[in-house]
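The values are calculated or read from the model by the stated rules, or taken from the named source; none is laboratory data. Predicted model only: the values in this text are computed from it and were never measured. Methodologically, a virtual Cβ is constructed for each residue, glycine included, from the backbone with ideal geometry; neighbour enumeration extends over all protein chains shown.
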Amino acid sequence: MPRLTKARSKAKSPSSASTEDMARPDALKVLIYATWRGRLLVFDEPDFPDIELQVPGGTVEPGEGLEQAAARDFAEETGLALPNTLRPLAIDDYRFIKNGAAICHRRHYFHVDLEGPYPDTWLHHEMTPFDGDCPILFRFFWIDVAAAKAKLGYGMHNCLVLLA
């Protein structure tokens, strides 16, 4: 599986962070590039218009395998079960600053090519957000992969070049 090692976050690392600290991820994440008819599944959060466009994914829970986490997070966020096998794409470290602290999320990217009928757009509530807060409303829709490279937020576009 390709490994993208260069951080692509626009956030700057604090000079006080050691190389060892920056290499150790604070969280393991899974992100799913779900494509259908040549388009990528993305979502926004209608209740929070400042949140950037994203792809389905989430945090790997203790004792959970990567593919298991990806399937679970995809179902929780989209309301859809994954009908096809996930294909591992890459691992990428996404670095950013939060509340003055350097954070590293080790992201495991997967691809699934969906078949069958899907709506052009739909709403779904994630009932089990990672922080245990109230359910979150997501609006899902499909966009051209080329457009996604410019529109996705939080570095989620980093591995789109690997979609064939």
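Key figures
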read-out	value
Exclusive hit being surrounded by 15 or more Cβ atoms within 10 Å (Cβ to Cβ), at negative phi and assigned to a loop (DSSP other than H, G, I, E, B), set Leu31, Leu80	Leu80
All positions within region 47-73 that are part of a helix (DSSP H, G or I) and acidic (Asp, Glu)	Glu67, Asp73
Criterion: modelled with pLDDT under 95, hydrophobic (A, V, I, L, M, F, W, C) and touching a helix residue (DSSP H, G or I) at 6+ places or on another chain (Cβ under 8 Å) - qualifying residue of Leu82, Leu41, Leu89, Leu53	Leu82
Residue list for region 107-136, restricted to those being touching a residue at least 24 places away in the same chain (Cβ under 8 Å), farther than 22 Å from Trp36 by Cβ and surrounded by fewer than 17 Cβ atoms within 10 Å (Cβ to Cβ)	Met127, Thr128, Phe130
